[in-house]
Amino acid sequence: MATAGSGDELKVLGAWASPFLVRVLFALQLKGLRYEYVEVDLKEKNELLLASNPVHKKIPVLLHAGKPVCESQLIVQYIDEAFPASGPSFLPADTHARAVARFWGAYVDDKLLSSWKGIFATKDEEENAEAVRQTLAAADALEGAFRECSGEKLEWFGGDGVGYVDIVLGGLVPSMNVLELAVGIKVVDPDRTPLLAAWKDRFCALDAAKAAMPPLDRLLENAKKYLAEISFKTPASK
Amino acid sequence: MDHGGEYAPDEKVELLGTWSSPYVFKVIWALTMKGVEYEYVEEDLRNKSGALLSLNPLHKKVPVLVYRGKPVAESDVIVEFIDEAWKDRGGGGRILPEDPYERAMARSWVIFARDVLSPPIWKWFTAPGEEEQEGAREAAVAQLLVLEEELGRKEFFAGDCVGLVDLSLGALAYVIPIYEEITGTRIVTEERLPCLSAWMGRFLSSPPAKDHLPPLEKLKLSFLGERTL
């Protein structure tokens, strides 16, 4: 891991399985920043967490010289803005292109993730099936976004290199893999969303991503336990 | 076409919106802070124009800002775009702070306003029974007290001038009094929330907002309609 001047002052509080944590760790890795990671047991909120995040009590939290930043997308933006000398910017230079990146960053959480959570929200199978449809529709929209943002190379949302939307969506990649293995739902699919499917493989091959993602087998085990607890039945696909 | 620098001041700006949307007004206030001239297009959301559908095909919502033929959607995204596109314009200064940590803090308050403060306010306004209304009212006041502490003795959340957080909370300055009138209950009183109470009046008469507010009587009627649904 490369060292940067203020690396000693960076601390991340998180839960190992969280996609939001993956975003933060991936961003730090991309910038080559050193940080200390502190695992937080969600069942026992620890003192450091409550002190640094009294309003939301959520994780992940980035502490920079003791000052807390919460909300994964805000943390990623902060990392980009506070360390401009550490590697390329996550956002493009063009003002309109920046707005497009922020728009899709918001879309991932507001549409893709919210539909995704709906898949497991109730016992009603029809509602769950509808949530699956909406999740896949959101992924289809992101396929279009990828084509719009990635330029000629068709490699990253960021165009020439990894960018903001790659980081935001990238956090969900481990969860996508688990969803497919545990329940057979493919958020990205070589047939339906070929560009995103190739992007996902490309993402997983990055050293920075490997260092940020939790072990798949542990995540899968975790997911299977959760699905059993809620007696989840895979919605029939149409 | 790539454009990395500031835009020339005489290029056409168009804003698609609806008269009652607080998100549209947030954008209008941002444009006003920067002294940007724009053409406003009122959309009928029950009969969306071809322009709206092609400029924001994904969400089909307002506000949409169009500049040099390129659309920007989502009010928070639009406000940051305005701040960057007209970086040094307007006596109103920067909408977001320069310092990265201050920027992160301002953005977190925007999330707070949307995710933590707005739901109990909406619940209080739409509660069907007195008990539920009282519960929601107390929940809303609890979050307003958090804002009160954040504001403290400052003129505005951003300091001496209006900034991002003020713009994001601004609609509450005219919505809360209307909700109070309709429900017959108060959530912002001078006794409990003195700083916030003063801020509301100050925001409504601030340079970005004072000539750019929705028609309040018309708004009250539309809220009355929403409440009985």
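Quick notes
- With a requirement of 3 or more residues that are more than 19 Å from the chain's Cα centre (by Cα), the helices (runs of 4 or more DSSP H) lying completely within the range A:71-147 that satisfy it span A:95-107.
- All told, B:G93 meets the bar of being out of contact with any Leu (no Cβ under 9 Å at 6 or more places or on another chain) and away from chain A (no Cβ under 14 Å).
- Qualifying residue in the range B:34-51 (condition: of a type outside the set (D, E) and within 14 Å of chain A (Cβ to nearest Cβ)): yes
- A count restricted to the range B:64-75 and to residues that are among the charged types (D, E, K, R) and facing chain A (nearest Cβ under 7 Å) stands at 2.
- Unmet requirement for B:F112, which otherwise passes all of (1) assigned by TED's automatic domain parsing to the domain that holds B:T185; (2) among the hydrophobic types (A, V, I, L, M, F, W, C); (3) over 23 Å from A:D109 (Cα atoms): (3)
- Odd one out for B:V116 among (1) of a type in the set (A, V, I, L, M, F, W, C); (2) out of contact with any Gly (no Cβ under 9 Å at 6 or more places or on another chain); (3) crowded, with 20+ Cβ neighbours inside 10 Å: (3)
Conditions (1) under 30 Å from A:A228 (Cβ atoms); (2) in contact with a helix residue (DSSP H, G or I) (Cβ under 6 Å, 6 or more places away or on another chain), marked per residue:
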residue: A:E148; (1), (2): no, no
residue: A:E152; (1), (2): no, no
residue: A:G159; (1), (2): no, no
residue: A:G170; (1), (2): yes, yes
residue: A:L179; (1), (2): yes, no
residue: A:V187; (1), (2): yes, yes
residue: A:P190; (1), (2): yes, yes
residue: A:T193; (1), (2): yes, yes
residue: A:R202; (1), (2): no, no
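- Residue in the range A:169-184 that is in a helix (DSSP H, G or I), of a type in the set (S, T, N, Q), over 18 Å from A:G118 (Cβ atoms) and open to solvent by less than 70 Å² (accessible area, probe 1.4 Å) present: yes
- From the list B:P214, B:P194, the lone residue that is surrounded by 17 or more Cβ atoms within 10 Å (Cβ to Cβ) and modelled with pLDDT of 95 or more is B:P214.
- The helices (runs of 4 or more DSSP H) found wholly in the range B:122-229 and carrying at least 3 residues that are basic (K, R) occupy B:216-227.
- Selected residue (criterion: modelled with the highest pLDDT) from residues of the range A:150-168 that are surrounded by fewer than 23 Cβ atoms within 10 Å (Cβ to Cβ) and not in a loop (DSSP other than H, G, I, E, B): A:W156
- Residue in the range A:74-87 that is away from chain B (no Cβ under 13 Å) and buried (at least 16 other Cβ atoms within 10 Å of the Cβ) present: yes
- Filtered residues of the range A:5-58 (kept if at pLDDT 95 or above and exposed (fewer than 15 other Cβ atoms within 10 Å of the Cβ)): A:E36
- Meets criteria (of a type in the set (V, I, T), open to solvent by less than 10 Å² (accessible area, probe 1.4 Å) and more than 12 Å from chain A (Cβ to nearest Cβ)) for B:V27: yes
- Residue pairs meeting the criteria (Cβ under 6 Å; at least 6 apart or on separate chains; first closer than 15 Å to B:I28 by Cα, in the range B:194-222; second open to solvent by 60 Å² or more (accessible area, probe 1.4 Å) and part of a loop (DSSP other than H, G, I, E, B)): B:P214/B:W19
- Residue list for the range A:185-205, restricted to those being open to solvent by less than 50 Å² (accessible area, probe 1.4 Å) and assigned to a helix (DSSP H, G or I): A:L195, A:L196, A:A197, A:A198, A:W199, A:K200, A:F203, A:C204
The values are calculated or read from the model by the stated rules, or taken from the named source; none is laboratory data. Model, not experiment: these values are computed from the prediction. Positions of Cβ are generated from backbone atoms using ideal geometry, with glycine treated the same way; all protein chains shown enter the neighbour counts. Remember, those area values only see protein heavy atoms, side chains included, never the ligands or the DNA or RNA. Shrake-Rupley method; radii C 1.70, N 1.55, O 1.52, S 1.80 Å.
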